[in-house]
Amino acid sequence: MQFGKLKRAEPAPIERRLAVRKRARFGSKLAYAGCDFLLNCIVRDYSHAGAGITLGTPRPVPDLVHLIDLRSLLVYEARVAWRRSPDFGLQFL
């Protein structure tokens with residue numbers, strides 16, 4: 001009987017978020033350059049500190065943006081915390 005090599009389990013990624021996010025799936029808008037540019041996006045998860053979004057098509061996005069929440073009619077000023085286009089993590093300012 002022959003046994004294969006055991007693989008070491010990789011450590012879980014370190015959670016750096018300041019608040020626990022809730023799963024979501026609703027349409028919103030991402031605005032930048034004084035609202036000259038509006039992009040459709042889907043909010044995948046959110047908290048009072050930030051949100052994870054997905055753009056319909058991969059696009060370059062500046063570091064500072066506004067997330068327009070169409071459900072609650074609120075606008076959040078945000079900093080892009082991470083990018084894996086078309087997915088982005090936003091930290092609310």
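The values are calculated or read from the model by the stated rules, or taken from the named source; none is laboratory data. Values in this document were obtained by computation on a predicted structure and should not be read as measured data. When we count neighbours, we look across all protein chains shown, and the Cβ atoms used for this are built from the backbone with ideal geometry, even at glycine. Surface areas here come from the heavy atoms of the whole protein model, side chains and all, with no ligands, DNA or RNA. Shrake-Rupley method; radii C 1.70, N 1.55, O 1.52, S 1.80 Å.
Computed quantities for the displayed model
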{"item": "Counted residues, region 72-93 - those being crowded, with 16+ Cβ neighbours inside 10 Å and in contact with a His (Cβ under 8 Å, 6 or more places away or on another chain)", "result": "3"}
{"item": "Flag for L64 being aliphatic (A, V, I, L, M), closer than 15 Å to R25 by Cβ and open to solvent by 60 Å² or more (accessible area, probe 1.4 Å)", "result": "no"}
{"item": "Flag for D69 being among the charged types (D, E, K, R), open to solvent by less than 30 Å² (accessible area, probe 1.4 Å), at pLDDT 90 or above and touching a Ser or Thr at 6+ places or on another chain (Cβ under 6 Å)", "result": "yes"}
{"item": "Which listed residue, of R23, R16, is open to solvent by 100 Å² or more (accessible area, probe 1.4 Å), part of a loop (DSSP other than H, G, I, E, B) and modelled with pLDDT under 90", "result": "R16"}
{"item": "Number of the exception - T54 against (1) touching an Asp or Glu at 6+ places or on another chain (Cβ under 8 Å); (2) more than 20 Å from R23 (Cβ to Cβ); (3) open to solvent by less than 40 Å² (accessible area, probe 1.4 Å)", "result": "(2)"}
{"item": "All positions within region 27-51 that are of a type in the set (D, E) and either open to solvent by less than 40 Å² (accessible area, probe 1.4 Å) or under 17 Å from L73 (Cβ atoms) (or both)", "result": "D45"}
{"item": "Pairs where the first residue, in region 70-84, is within 17 Å of R44 (Cα to Cα) and touching a residue at least 24 places away in the same chain (Cβ under 8 Å) and the second is among the polar types (S, T, N, Q) and part of a strand (DSSP E or B), C-beta under 9 Å, 6+ apart", "result": "L70/S28; R71/S28; A78/Q91; A81/Q91"}
{"item": "Inter-residue pairs, beta-carbon under 9 Å, first part of a loop (DSSP other than H, G, I, E, B) and in region 33-56, second aromatic (F, W, Y) and open to solvent by less than 70 Å² (accessible area, probe 1.4 Å), 6+ apart", "result": "S47/F92; H48/F92; A49/F92"}
